[in-house]
Amino acid sequence: MAALQQVSGVIAEECASALEGFRDRYGAELRLAPVLVLIAAWNEESSIGEVLGHIAPEVAGTAVDVLVVDDGSTDATVQVCERYPGVRVARFARNCGHGVALRLGYRIAAEYGARYVVTLDADMQWDPREMDIVLPPLLAGEADFVIGSRVLGSAETDNAFRHAGVRVFAALVSVLTGVRVTDTSSGYRAMLTELTQQVPQTQVQYQTSELLIGAIYHGYRITERPVTMHRRFDGESKKGNDLLYGLRYARVVVGTWLRERSAAARRGTLPARPGLNRAMALARALFYPCALAVVAFMCFEASALRYGPLLEAGGAAVVWWLCLALGWSFLAGERGHGQAMAAWCRTQVVRYVPGGIWAVVARATTVSGRVRDKVAAVTAENVIVCLVALAAAGAWAAASDVRWLPLVLLAGAPLLLSRWLERRTRITRLRVRRTAGSYLVGFGAYGAMAVWVQEAVSGSADQHALYVAGAACLAWAVGLVVVIAPGGVGVREVVYVWLLSGLFPTGELEAAAVASRLVTVLAELAVLAVVTRPGRRSRERTGPGRTSPER
């Protein structure tokens, strides 16, 4: 799809007008050199001349042309560019954003015959004299997309926040895509012109990661070369507040990854990641036996357990886990409850991976539709389950202490949320109500499980049974909110012991906390084995009255 077709409304009109103006000025017979240096500029009169003055007419034996896309400058940027022979200028009448300006440049490069595009900034942070480092892998056919990396080279900056951000986002993109990169936001890039026309681009401002992630999922070869990032030649950065920039950039990275990964899956071109798959399989194989052994040892050391109540607790934990899976299937399961529950159980396995977000990210990829639908589904799931857990905590504990009663009011919050979701996404009020109802039943079972586990440790918990159930539900909700603790490990146990510290000996509370973790992990494994067993999955794929195709 042509890049300009992905820009809507007023910006689309501005793009069409700028393109038409370029055609009128330079004519249809214009043919660009094989390499086109593309610079998007906005009010850079004091620095763009320095950039243009250092661009060689030929690099690695290949002719070079220069295109400046003026993004609605109100200073003399265009006039400065026109002083340099051979520099062509496309002009926007208004400021449309760096990403839009680059997309217009990509369109011109494709229309007028340039085979390669090299992007530079207009502030001289990226040195045009290093083009002989970035361009050769592209010209030699060794890569389709070359990034000039300040991490492999150097950066003249004292901004520690941005320096850390470059490395964090590089690590994030590397983990998400399976392709190792060190600099996702570099403005120094060389690429095939064809690539710019094949990869979908919608971002107005944060376009570097969008194009990179899209290129990866379209199968283009990525490589990096070391370059130096200098300080701005003049003026100040237009990126604004570092924190806001980082948050918006993160949103684009995750949103683009979800979009491109889903599109690649639909095309059947999802890149194979055998290394990651093996690592995850090994992590799963090692984690659960180790976790079970450690928790079992702690329980054995802390107290002599009574196994009758533990069996009852195990049954309640299975009900709780099934209710959570069923709630997800109500919320986002368009392929049948069984398949959605199985997908939920499988993605929950990675919640113990450091970072605390991987189960949510993995689950988002199982939702069909737009990126907004994927994000809305996983966000709604976490918000609703947290609200219901808090409401259940209030309902359980209010019988012992009325100060808990206000938490019960949170049970109505999902109903208010459902109206907002129905107006903006495909999630209906009915689906939200069913999800909340399933979660309420689940946390009823979770509270009962906590009581039975405490009874297994202490001998009896009848006197404080409702308070124990409430404390367990509240501790679970806190563990969900503290995302830096994978699976809530440690957080839920500490909160549980703290809430009940005046009612039971500390040793018994610690034993009950880790025993609850053991019981829930066993319940998770049992449900996972049942809902994802091969026979069940085969029947769900073939459906009633159909048979599996012969292999």
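Among the residues of segment 319-329, is there at least one that is surrounded by 21 or more Cβ atoms within 10 Å (Cβ to Cβ), over 19 Å from ILE384 (Cα atoms), in contact with a Phe, Trp or Tyr (Cβ under 8 Å, 6 or more places away or on another chain) and at pLDDT 90 or above? No, there is no match, as no residue in segment 319-329 is surrounded by 21 or more Cβ atoms within 10 Å (Cβ to Cβ), over 19 Å from ILE384 (Cα atoms), in contact with a Phe, Trp or Tyr (Cβ under 8 Å, 6 or more places away or on another chain) and at pLDDT 90 or above.
Scanning for something crowded, with 19+ Cβ neighbours inside 10 Å and not aromatic (Phe, Trp, Tyr), does segment 154-161 turn up at least one residue? Scanning segment 154-161 turns up at least one residue that is crowded, with 19+ Cβ neighbours inside 10 Å and not aromatic (Phe, Trp, Tyr).
Residues considered: ALA76, ALA63, ALA40, ALA110. Of these, the only one that is closer than 19 Å to GLN201 by Cα, among the aliphatic types (A, V, I, L, M), at pLDDT 90 or above and surrounded by fewer than 20 Cβ atoms within 10 Å (Cβ to Cβ) is ALA110. Taking segment 203-227 as the range and being in contact with a Ser or Thr (Cβ under 9 Å, 6 or more places away or on another chain) and either surrounded by fewer than 17 Cβ atoms within 10 Å (Cβ to Cβ) or not assigned by TED's automatic domain parsing to the domain that holds HIS98 (or both) as the test, the residues that pass are GLY219, PRO226.
Please specify each residue of segment 178-202 satisfying the condition of being under 25 Å from HIS230 (Cβ atoms) and assigned to a loop (DSSP other than H, G, I, E, B).
The initial filter retains those residues of segment 178-202 that are under 25 Å from HIS230 (Cβ atoms), namely 181-191.
Across segment 178-202, the qualifying residues are VAL181, THR182, ASP183, THR184, SER185, SER186, GLY187, TYR188.
Taking the conditions exactly as written (modelled with pLDDT under 75 and of a type in the set (A, V, I, L, M, F, W, C)), does VAL367 satisfy them or not?
On the way: modelled with pLDDT under 75: no; of a type in the set (A, V, I, L, M, F, W, C): yes.
When the stated conditions are applied, VAL367 does not pass them.
Tell me the residue from GLY27, GLY49, GLY99, GLY72 that is closer than 30 Å to GLY141 by Cα and either outside the structural domain of LEU135 (by TED's automatic domain parsing) or small (Gly, Ala, Ser) (or both), please. Working first, answer last.
Numbers: GLY27 fails: closer than 30 Å to GLY141 by Cα; GLY49 fails: closer than 30 Å to GLY141 by Cα; GLY72 fails: closer than 30 Å to GLY141 by Cα.
Matching residue, one of GLY27, GLY49, GLY99, GLY72: GLY99.
Restrict the check to segment 425-434 and report whether at least one residue is buried (at least 16 other Cβ atoms within 10 Å of the Cβ) and in contact with a Phe, Trp or Tyr (Cβ under 8 Å, 6 or more places away or on another chain). So far as segment 425-434 goes, yes, one or more of its residues are buried (at least 16 other Cβ atoms within 10 Å of the Cβ) and in contact with a Phe, Trp or Tyr (Cβ under 8 Å, 6 or more places away or on another chain).
Does GLY308 qualify as being farther than 27 Å from ALA376 by Cα, out of contact with any Leu (no Cβ under 7 Å at 6 or more places or on another chain), at pLDDT 75 or above and exposed (fewer than 15 other Cβ atoms within 10 Å of the Cβ)? Judged against the criteria, GLY308 is a match. Close contacts from segment 399-417, counting a first residue that is free of Cβ contacts under 8 Å to residues at least 40 places away in the same chain and assigned by TED's automatic domain parsing to the domain that holds ILE427 and a second that is of a type in the set (Lys, Arg) and part of a helix (DSSP H, G or I), with Cβ to Cβ under 8 Å and a gap of 6+ residues or different chains, come to PRO414/ARG433; LEU415/ARG429; LEU415/ARG433.
Can you find a residue that is among the hydroxyl-bearing types (Ser, Thr, Tyr), in a helix (DSSP H, G or I) and touching a residue at least 24 places away in the same chain (Cβ under 8 Å) anywhere in segment 66-88? Yes, the conditions are met somewhere in segment 66-88.
Assess whether PRO200 counts as being modelled with pLDDT of 95 or more and in the same structural domain as ARG94 (by TED's automatic domain parsing). Spelling it out, it is not the case that PRO200 is modelled with pLDDT of 95 or more and in the same structural domain as ARG94 (by TED's automatic domain parsing). Residues that are among the charged types (D, E, K, R) and surrounded by 19 or more Cβ atoms within 10 Å (Cβ to Cβ) within segment 170-202 comprise ASP183, ARG189, listed in sequence order. Among the residues of segment 493-516, is there at least one that is surrounded by 23 or more Cβ atoms within 10 Å (Cβ to Cβ) and within 28 Å of the chain's Cα centre (by Cα)? Among the residues of segment 493-516, not one is surrounded by 23 or more Cβ atoms within 10 Å (Cβ to Cβ) and within 28 Å of the chain's Cα centre (by Cα), which makes the answer no. Which ranges mark the helices (runs of 4 or more DSSP H) fully within segment 356-443 that have 3 or more residues being of a type in the set (Val, Ile, Thr)? Correct list: 371-397. For segment 23-65, residues that are without any contact (Cβ under 8 Å) to a residue 24 or more places away in the chain, in contact with a helix residue (DSSP H, G or I) (Cβ under 9 Å, 6 or more places away or on another chain) and either part of a strand (DSSP E or B) or within 17 Å of GLY97 (Cα to Cα) (or both) total 0.
For SER501, state whether it is assigned by TED's automatic domain parsing to the domain that holds THR347 and farther than 19 Å from LEU326 by Cα.
Numbers: assigned by TED's automatic domain parsing to the domain that holds THR347: yes; farther than 19 Å from LEU326 by Cα: yes.
When the stated conditions are applied, SER501 passes them.
Residues that are at pLDDT 90 or above and assigned to a loop (DSSP other than H, G, I, E, B) were ranked within segment 113-129; the one that is farthest from LEU212 (Cα to Cα) is GLY113.
Every test in (1) under 22 Å from LEU322 (Cα atoms); (2) modelled with pLDDT of 85 or more is passed by LEU409 save one, and that test is (1).
The values are calculated or read from the model by the stated rules, or taken from the named source; none is laboratory data. Because the structure is predicted, anything quoted here is derived from the model rather than measured. Positions of Cβ are generated from backbone atoms using ideal geometry, with glycine treated the same way; all protein chains shown enter the neighbour counts.
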